[in-house]
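Step one of this worksheet: look at the structure below.
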Amino acid sequence: MWLLVSLYAVARISQILPGKLPMVAKVALHVLPLLIFALIHGAISYRLRGILMFFAICFVIGNVFENLGVATGFPFGRYYFTDAMGPKLFQVPILLGLAYMGMGYLSWTLGRVILGNLRSPLVGARVVMLPLVAAFIMVAWDFANDPVWANINRLWIWRHGGAYFGVPTTNFLGWYLVVYLIYQSFAIYLGERFPGSNPLHSSYWHWAVIFYALSAAGNIIIVIPKPAPAIVFDATGTPWNVSAITGACAVVSTFVMGAFTVIAWARLLDQTREELRYRDS
């Protein structure tokens, strides 16, 4: 786990070192450590079959909607991917599909932690509440990154621009819909198989919070000045100030992603105290 955390930290730092790594290598460094983490961490909680099912759901739903979005504009808005992220499956980079799996699992796990009662099975209202909460956590990640990825790194292009530094607001509504469908499908799959009978130590859950915190921190350090154009233009020719983009994304990372991180950590502190009381008794 420490090795994966270190690799992911290197990926986040690499953003402020322009030209040192090809863009596709930077993206891979962001995606693969999270993917491996999700596989290991998820197999402990859901067994290998369960986490592979989660990956399959992410792969199918994510790629269907991303390809639909490129072809029709629904549900995100009109956009297309450049070649910066490497090979594609149809119109969508393979690395993006893998990112759905890694960050998708991370956001789902934080949702579990924030809702609490980690030993309880996924029944009743929790079948819907967990997907709703996890989808907000996942969209917060995109909200904190999309203007940088689209208009500074040029990983994809929004054909008609948008109000949020060249990103349309429909993108975030579409993201919420897609990731909610992923999480709701997984919640239905789990049903009574939700692993509530095997309580895991709080340290197990801390790893997910650490990864999410690193993701947020990586968006904050991009405000460090570096050689770059002061202005970028979206597909409509609208100019956007680079420091304004990175500053806004850092604010979102601090007060939205940061809020989810702090709440999750506080919930785990409560669980640790409960474990100590149980052990003392």
Q) Considering only DSSP states other than H, G, I, E and B, which trypsin sites (Lys or Arg not before Pro) in region 1-90 qualify as loop sites with at most 10 other Cβ atoms within 10 Å? A) K20
Q) Tell me, what ³J(HN,Hα) does each residue in region 137-146 have, in order and in whole Hz, if you take phi through Karplus 6.51 cos²θ - 1.76 cosθ + 1.60 with θ = phi - 60° and put x for Gly and Pro? A) 5, 5, 5, 4, 4, 5, 4, 7, 10, 4
Q | Where labels lie 7 Å past Cα in the beta-carbon direction, separation of R273 and I188 in nm | A | 3.9 nm
**Q.** CD proxy at 222 nm, helix term only [per DSSP H run n ≥ 4: -39500 (n - 2.57); per residue of the chain; nearest 500]
**A.** -22000 deg cm²/dmol
**Q.** Label-point gap, in nm, between V262 and L21 - each point 7 angstrom along Cα→Cβ
**A.** 3.0 nm
Q.
Assuming 0.36 nm per residue, please report the length gained on full extension of the stretch F74 to W2 beyond their Cα-Cα distance.
A. 22.0 nm
Q) What accessible area, in Å² to the nearest ten, does a 1.4 Å probe give for L268? A) 0 Å²
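Rank L48, L118, L68, L3 by accessible area, highest first, at a 1.4 Å probe radius?
L3, L48, L68, L118
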Q.
For the pair T238/S14, report the inter-label distance in nm, with labels modelled 7 Å from Cα in the Cβ direction.
A. 3.1 nm
Q.
Residue by residue through region 234-251, what is 3J(HN,Hα) from phi via Karplus (6.51 cos²θ - 1.76 cosθ + 1.60, θ = phi - 60°)? Round to whole Hz and write x for glycine and proline.
A. 7, 5, 8, x, 6, x, 9, 6, 4, 5, 5, 4, 5, x, 5, 5, 5, 5
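The values are calculated or read from the model by the stated rules, or taken from the named source; none is laboratory data. Just so it is clear, the structure is predicted and the values come from calculations on it, not from any experiment. Using ideal geometry, Cβ is built from the backbone for each residue, glycine included, and neighbour counts are taken over all protein chains shown. Calculation scope for accessible area: heavy atoms of the full protein, side chains included, ligands and nucleic acids excluded. Shrake-Rupley method; radii C 1.70, N 1.55, O 1.52, S 1.80 Å.
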